Amino acid sequence: MNDRDPHARRGWENSILGGGEEPDARFTLANERTFLAWTRTSLAFLAGGIALGAFPLAEISDEVRTLAAIFVVTVGLLISGGAAVRWLRVERAMRHGRPLPIPGIVPLLSFAAVCACLLTIAMLL
């Protein structure tokens, strides 16, 4: 006979989540939706980087276009990784009753947007 609670998490899940109390499912699902939103944002950056690399623009040299494409794809990569880290940090904070962590992805996304705006302004001048 198995005395184990059928609703208990497996060992590897507890090691990733860091134990604590199971939060309300609504909060866990909201955390997951936020993760998916960040993932969609990273995919948009990936698509933008691919478009920059694939389509030549008369106004931009190939070297600048390639560097811009690499920058945009790299931002998408960092956002994707940051989304996973953020999901885990929020989940752990909820399980231990701690305040939610500040999203480190927001300054990265803001920096990328400022760079894109400055590059666009430079191209228009």
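A short reminder: the numbers here are calculations on the coordinates, not readings from a lab. Just so we're clear, the structure is a prediction, and the values are computed from it rather than from any experiment. A quick note on method: Cβ atoms are made from the backbone with ideal geometry, for glycine too, and the neighbour counts reach across all protein chains shown.
Numbers for the structure displayed
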read-out	value
Tilt relative to the chain, helix 105-124 - C-alpha long axis, 0 to 90 degrees, to 10	10
FRET E, pair THR74, ILE121, Förster distance 22 Å, beta-carbon r, rounded to 0.05	0.55
Peptides 11-21, 76-86, 45-55 ordered by average Cβ neighbours within 10 Å, highest first	76-86, 45-55, 11-21
10 Å-binned pair-distance histogram of the chain (Cα, whole percent)	12, 32, 24, 16, 11, 4, 1, 0
